[in-house]
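Structure first, commentary second.
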Amino acid sequence: MIYLDNAATTFPKPEIVYKTMDTFYRTLGANPGRSGHRMAVAAEKEIEDTRIVVARLFGIKDSMRLILTFNATDAINMGIKGLLKPGDHAITTFLEHNAVSRSLHGLEKRGIITITKVRNSPDGFINPVDIKKAITSKTRLIVMAHAPNVLGTIQPIRDVGRIAREDNCIFMVDAAQTAGVCEIDVNECFIDMIAFTGHKGPLGPTGTGGLYVGERLTLDPWREGGTGFEAASLTQPEELPFKLESGTPNTVGIAGLRAGIEFVLSKRISTIRAHEQHLTSKLMQAFQHDQRFTLYGTTDITKKVGILSMNVKGFKPQEVGGILDQTFNIAVRPGLHCAPFAHQMIGTFPDGTIRISPGCFNTEDDIDQLITALTKIADEKI
């Protein structure tokens, strides 16, 4: 199969990820931090080594402020619900994934917080000035995607982060689509919290991710329980990362995450991004002047990651996705992509779009075959 659904999860993974996870489970599969024997100590070291590698990915100075989570959704919930208190105001955008939108909406529905959603331009960008105008005396949090998963447009997070810092607001970035694909430094971008998932750009397995918690804030625990630390106490330890990391972790997945990120760093993030942008650009060039196809978001490839949302006139996205899968053995993602507000903004609700997302292991031949398949569908020669 030609796999072009890397914005959902990257596939395949680097060979080193498979080997690392296999070796870990065969030799170090103990419970980290809960026992003093050698296997448990070695498993704990694997976690701490991964924490350090993730810190390198984001320019984090203190790796102990990096909380390992099960995915970006877990991290986003941990950050939003651990921070916001009754009476707080939060600012977000219409481009967000449901991980952000539902977390905020749930708090708003219960009367705990108020929310302002900032609109985007037709080509898919947020204006930092609009964020600035939305700030009130009660604004506690500004949360937004670095690159929304429908359009892949890279947002001006440094400018927004500076605004947040000047107004003493906490700035949280959803880096689900940019971790491992774009260079990100939490200090240069004034980021207080950054949430990411391990199974996309970092090329790790599912069930992994993380949340950076900056020094300007403290979070209430998202979950409470065993930490392997201060076991005699009935309250969560205050020390990070233990305060926010209860329960037995996905240690084998964390080992795979480290291997994936090390692979990304060895290949260079800029090289991977350029490759994915090149393949996406080739696809856009094939269809942007063909009236049978509608492309959404900016056509400036330098301002987006390797994501293209499009539709074929006369076909619903689900029809095209099904034909590509069953007839041409090509995997893409049709639908709303867990981001209904984004589709409302670009006029594709309720059916959504066909999202195509090349990864670092895709080739130009993969794109050529997709172009041929989509052309045949538009010509109704299938």
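Mind checking which residues of the range 36-67 are of a type outside the set (A, V, I, L, M), modelled with pLDDT of 95 or more, open to solvent by 50 Å² or more (accessible area, probe 1.4 Å) and assigned to a helix (DSSP H, G or I)?
Result: D49, R56.
Going by the structure shown, is P148 crowded, with 19+ Cβ neighbours inside 10 Å, in contact with a His (Cβ under 8 Å, 6 or more places away or on another chain) and not basic (K, R)?
yes
I'd like the full set of residues that are closer than 16 Å to G180 by Cα and either open to solvent by 60 Å² or more (accessible area, probe 1.4 Å) or not hydrophobic (A, V, I, L, M, F, W, C) (or both), limited to the range 272-300.
Those that are closer than 16 Å to G180 by Cα and either open to solvent by 60 Å² or more (accessible area, probe 1.4 Å) or not hydrophobic (A, V, I, L, M, F, W, C) (or both): R273, H275, E276, Q277.
Of everything in the range 4-35, what is hydroxyl-bearing (S, T, Y) and crowded, with 20+ Cβ neighbours inside 10 Å? Give them in sequence order. Don't jump to the end; show me each part of the working.
Of all residues in the range 4-35, those hydroxyl-bearing (S, T, Y) come to 9-10, 18, 20, 23, 25, 27, 35.
Listed by number, the residues that qualify are T10, T20.
Select, from A259, A331, the only residue that is in contact with a Phe, Trp or Tyr (Cβ under 8 Å, 6 or more places away or on another chain) and within 28 Å of D22 (Cβ to Cβ). Lay out the reasoning, then the answer.
Working: A259 fails: in contact with a Phe, Trp or Tyr (Cβ under 8 Å, 6 or more places away or on another chain).
Result: A331 is the single residue among A259, A331 that is in contact with a Phe, Trp or Tyr (Cβ under 8 Å, 6 or more places away or on another chain) and within 28 Å of D22 (Cβ to Cβ).
Across the range 68-115, what is the total count of residues that are under 19 Å from the mean Cα position of the chain (by Cα), open to solvent by less than 20 Å² (accessible area, probe 1.4 Å) and without any contact (Cβ under 8 Å) to a residue 40 or more places away in the chain?
2
Return the residues of the range 68-88 that are more than 21 Å from A179 (Cβ to Cβ) and assigned to a helix (DSSP H, G or I); say none if nothing qualifies. It would help to see each step written out before you state the result.
Going residue by residue through the range 68-88, those that are more than 21 Å from A179 (Cβ to Cβ) are 81, 84-88.
The answer is K81, and nothing else.
Would you check if R216 is farther than 15 Å from V53 by Cα, in a loop (DSSP other than H, G, I, E, B), at pLDDT 95 or above and of a type in the set (K, R)?
yes
The values are calculated or read from the model by the stated rules, or taken from the named source; none is laboratory data. Keep in mind it's a predicted model, so treat the numbers as computed, not measured. Using ideal geometry, Cβ is built from the backbone for each residue, glycine included, and neighbour counts are taken over all protein chains shown. Just the protein is used for accessible areas: all its heavy atoms, side chains included, with ligands, DNA and RNA removed. Shrake-Rupley method; radii C 1.70, N 1.55, O 1.52, S 1.80 Å.
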